[in-house]
Every structure is written in structure tokens, then in C-alpha cells.
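Remarks on the structure that follows.
The values are calculated or read from the model by the stated rules, or taken from the named source; none is laboratory data. Computed from a predicted structure; not experimentally measured. Cβ coordinates were reconstructed from backbone atoms using ideal geometry, including for glycine residues, and neighbour counts include every protein chain displayed.
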Amino acid sequence: MAQKVVSFHYILKDSKGNVLESSHGDDPMSYLEGVGQIIPGLERALAGLGKGDKKSVHVPVADAYGEFDETLVVEVPREEIPKKDVVIGDQFQAEDDAGDPRIVVVTEVTEKTVTVDGNHPLSGQDLNFDVEITDIREATQEELEHGHAHGPGDDHHH
Ligand code: ZN
């Protein structure tokens, strides 16, 4: 069966019902099926839906961004940070143990050290999505070669 590209609007809420993100007012999110472009718990829940379908999806932490991992919070000497006036909230690209790129966020700054956190900002929590499928189409050859969907608003990248 041909791989599909699914587009959807979503509202993402935490377990208390606070809205964390919403795609409404922006382009819908698009993903290529079966490649892990969105979190597994959400992709499983959307499988089999059709254009125009709406669904509320509860994704437990294990199928979302995983538990908060203390070992990803590290204190490094200040001189190792490539920016002089580093402040809390700054983001840097670092490498994880496998050499893969990982975004880390500065969470504490002292005179001699900087603490960075490599956890996904949505780690450690259950997520609730209100989803509306806006389009389902066959993937283009280019998308299959790239291994991801090309959204309507994407400036093409490579
Ligand atoms: Zn591409």
C-alpha cells in the first residue's frame, strides 16, 4: 500500500486542560505515515481516520516524549558554553551519547557553571490532543525519498 501523508489541526493540552500548543490559525501539521515523524501514541490513534474526522486522543507519557530524565540535566563549566552572556532559556545544539544532535536549554547560570537540560520540553507528562484531520493524500516521490512530509507552508530545505 502506498504511504500516505496526513495533515491535521490540533490543540495540545496537558493533563490539567491547559493549552500548550495549537495549530489553529497556522498551517496544519503534516506527517508521513510510518516513519516516526510524530509521537508514536498519536500516530497510532490517528491511523484509520478519514478527512474531516475529529478525535480526542490521550497519550500517556511513555508514548509521548518519555519520562523526565535526570541524567540529561548537566552542569558544565561556563567556558564550555559558546556564548558569553548566557541566560536562562538560551538553547544550544549539543550531542547526546550516540552523537545525535539534541537541543539543550539553559536552566541555571552561576558565576562558574551553566546547567543545561536536554529533556524535551514536553517530557514527563501525559498529553491530550484534540485533532481534526484536514487532508490525507498519497506521499510524493520526493517525500518518500526524504522520509518526511512536506507541509503546505514549508520552504523547501534540501
Ligand atoms: Zn524534504
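What to note about this one:
- Filter pass, Gln37 being surrounded by fewer than 16 Cβ atoms within 10 Å (Cβ to Cβ) and under 21 Å from Glu145 (Cβ atoms): no
- Within the option set Val109, Val131, Val104, being at pLDDT below 95, surrounded by 14 or more Cβ atoms within 10 Å (Cβ to Cβ) and more than 16 Å from the ligand (Cβ to nearest atom) holds for one residue only, Val104.
- When region 112-125 is filtered for residues that are assigned to a loop (DSSP other than H, G, I, E, B) and surrounded by 15 or more Cβ atoms within 10 Å (Cβ to Cβ), the ones remaining, listed by number, are Gly118, Asn119, His120, Leu122, Ser123, Gln125.
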